[in-house]
Amino acid sequence: MADFTMTIDGERVTSAGTFGVVNPATGEVWAEAPDCSPGQLDEALLAAQAAQPGWAADLAARRTALHAAADLLMARVGEIAPVLTAEQGKPLKEAAEEVFGFAYWLKYYADLPLPREILQDDESALVEVVRRPVGVVAAITPWNFPLVLASWKVAPALLAGNTVVLKPSPYTPLATLKAGEVLAEVLPAGVLNVVSGGDELGAGLARHEIPRKISFTGSVATGKNIAAAAAPDLKRLTLELGGNDPAILLDDVDPAEVADRLFAAAFANNGQVCAAVKRVYAPRSLYGEVVEALADRARRARVGDGTHDGVALGPVNNRRQLDRVTGLVERARAGGARLLAGKAPTGGGYFFPPTIVDGAVDGDGIVDEEQFGPALPVVPYTDVEDALARANGTTYGLSGSVWGTDTDRAAAVAERLECGTAWVNTHFALGPHQPFGGHKWSGVGTENGVWGYHSFTDLQVLHRAKA
Ligand code: NAD
């Protein structure tokens with residue numbers, strides 16, 4: 001028997017099959033999630049299809065409903081946040097912030113101005129651009145920020161008049177299921193359906209004939225599979241994929257001054273952030289100081305069960321990811337790198353000590369690949385042009401940052417990063433108003449802001465002849 005229910009056509013639905021969800025702080029299964037059958041997936045999509053015209057008919061009602069949804073999520077944070085911590089591992093405070101993040105995105109889109117877009121209004125014609133909903137949207141999310149990343153899809157999709165079938169990761173389905181149960185109290189039946197299951201459920205959703213758009217966040221490999229599945233039906237696509245974000249430190253940076261921000265940008269959510277700093281390029285003149293400042297933060301970071309007070313970093317979310325991070329770090333060590341690590345609990349749970357990898361070089365897996373975990377390589381450079389070339393020498397292009405005292409100089413370097421967001425003296429600073437998307441293999445399309453809203457619409461030119 002599942003401990004949480006799916007939401008299909010406004011109803012709480014269980015399933016014949018279930019799968020276990022592990023608490024990464026213990027390594028033990030703590031709850032069962034429904035394993036959505038193909039028939040139930042059909043039901044969810046048909047419910048979304050049936051609800052869509054009515055939902056699309058009234059913009060004012062949609063705005064009101066999105067506000068109500070946000071208010072309800074905030075009121076129920078005490079129910080949802082502990083579930084997120086238990087399945088994802090993040091500290092309870094961050095889990096609560098994520099619930100508020102979902103609400104914040106709903107409110108942003110509830111209030112997004114949608115002015116008429118008039119291209120021409122003269123004696124011959126009135127020509128305007130109309131944004132039409134695409135229909136049913138399939139939203140597929142990963143395990144690092146299940147709620148916030150769902151909100152980046154659900155909020156603009158619903159504002160635009162679409163209906164949604166949302167499928168979270170099998171590692172972290174529960175907080176999303178819970179949010180679905182809560183939101184069903186204020187959204188009309190069929191508008192937001194939440195189903196849970198494994199990767200094959202995502203594949204079934206992506207190739208199904210009903211969704212007109214797939215909005216996906218996850219790995220590059222899965223993004224390519226989804227693009228292939230969507231192609232025969234020419235479904236619209238937004239793909240937010242992986243990143244290997246570089247941070248380039250210039251030679252006028254003060255390592256002590258930026259160390260806290262840099263460490264936070266690399267180790268937030270235990271490094272399991274698509275847009276975390278994943279490799280640092282430090283000038284040779286400051287290299288030792290930078291490594292030591294970061295190692296100091298790593299040694300001081302408290303790692304543990306996210307329900308315990310004062311814990312800054314939880315466990316890695318799942319065994320597969322823990323093995324991946326461990327493997328990358330061990331290979332770097334075998335290749336001659338020095339590891340400067342903090343402490344992590346031993347025994348049960350997927351804990352890994354926050355680790356600075358000193359002396360890694362381009363070509364090492366820990367530098368070239370996305371580690372997506374609590375290990376950060378620092379690479380020395382002598383010439384900033386060379387550092388830029390190495391930072392850009394990747395198939396990834398999600399985001400990056402440049403750090404220095406002379407912010408104009410840093411911005412001039414940042415502008416040359418080949419990525420969707422280039423930060424100066426900060427990293428991983430995001431907001432609902434700010435478009436977010438990847439260049440190269442880090443993605444297709446854009447989420448957030450008015451651009452995110454546009455991505456859930458098909459553009460129509462409405463041309464009224466006057467003469
Ligand atoms: P993943 O690609 O394995 O899984 C993501 C989701 O896709 C899950 O819900 C999964 O069940 C589903 N899925 C798997 N195979 C599928 C298929 N063939 N068709 C349809 N759905 C399928 O990714 P993950 O391991 O959960 O997440 C980690 C990755 O996500 C990292 O690479 C990270 O960088 C990336 N990510 C990107 C962003 C971003 O905004 N760019 C944000 C967070 C995470």
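The values are calculated or read from the model by the stated rules, or taken from the named source; none is laboratory data. Predicted, not measured: the structure shown is a model, and the values here were computed from it. Glycine gets a Cβ as well: all are built from the backbone with ideal geometry, and neighbour counts include every protein chain shown. These accessible areas exclude ligands, DNA and RNA; they are computed on the full protein's heavy atoms, side chains included. Shrake-Rupley method; radii C 1.70, N 1.55, O 1.52, S 1.80 Å.
The range 245-431: percent of C-alpha pairs farther apart than 25 Å?
When all Cα pairs of the range 245-431 are counted, 28 percent exceed 25 Å.
Heavy-atom accessible area per residue, the chain, 1.4 Å probe: how many Å²?
Counting only protein heavy atoms, the per-residue value for the chain is 38 Å².
Could you derive backbone 3J(HN,Hα) for the range 242-253 from the dihedral phi with the Karplus parameters 6.51, -1.76 and 1.60 (θ = phi - 60°), listing whole Hz in sequence and x where the residue is Gly or Pro?
With the stated coefficients, the range 242-253 comes to x, x, 9, 5, x, 10, 9, 9, 8, 7, 9, 6 Hz.
Applying 1/(1 + (r/R0)^6) with R0 = 45 Å to the Cβ-Cβ distance of residue 320 and residue 461, what FRET efficiency is obtained, to the nearest 0.05?
0.40
Where does the charge balance sit around residue 63 when Lys and Arg score +1, Asp and Glu -1, over other residues with C-beta under 14 Å from its C-beta?
Charge balance in the 14 Å sphere: -1.
With unit charges on the beta carbon (Lys/Arg positive, Asp/Glu negative), name the residue among 36, 59, 83 whose Cα is farthest towards the positive pole of the charge dipole of the range 24-95.
Among 36, 59, 83, the one farthest towards the positive end of the dipole of the range 24-95 is 59.
Can you give the relative contact order of the chain as a percent, counting alpha carbon pairs under 8 Å and 6+ residues apart?
18 percent
Hey, can you grab everything whose amide H is under 5 Å from the amide H of residue 117? Only 5+ residues off in sequence or another chain; H modelled, so Pro and N-termini drop out.
Under 5 Å from the amide H of residue 117 lie the amide H atoms of 129, each far enough along the sequence or on another chain.
What is the sum of charges, Lys and Arg at +1 and Asp and Glu at -1, for the other residues whose Cβ falls under 13 Å from the Cβ of residue 442?
In short, -2.
In debye, nearest 20: dipole of the chain around its Cα centre with unit charges on the Cβ of K, R (+) and D, E (-)?
Here the chain has a charge dipole of around 440 debye.
If DNA, RNA and ligands are ignored and the probe is 1.4 Å, what is the ranking of 74, 6 by accessible area, most exposed first?
74, 6
If I compute solvent accessible area with a 1.4 Å probe over the protein chains, what percent of it on the chain is carbon and sulfur?
54 percent
Can you list the residues of the range 382-401 with backbone N under 13 Å from a point 7 Å past the Cα of residue 231, pointing along Cα to Cβ?
None, by backbone N distance to the label point.
List, in order, the whole-Hz ³J(HN,Hα) value for each residue of the range 70-83 obtained from phi through the Karplus relation with A = 6.51, B = -1.76, C = 1.60 and θ = phi - 60°; use x for Gly and Pro.
5, 4, 5, 4, 5, 5, 9, 4, x, 8, 8, 4, x, 5
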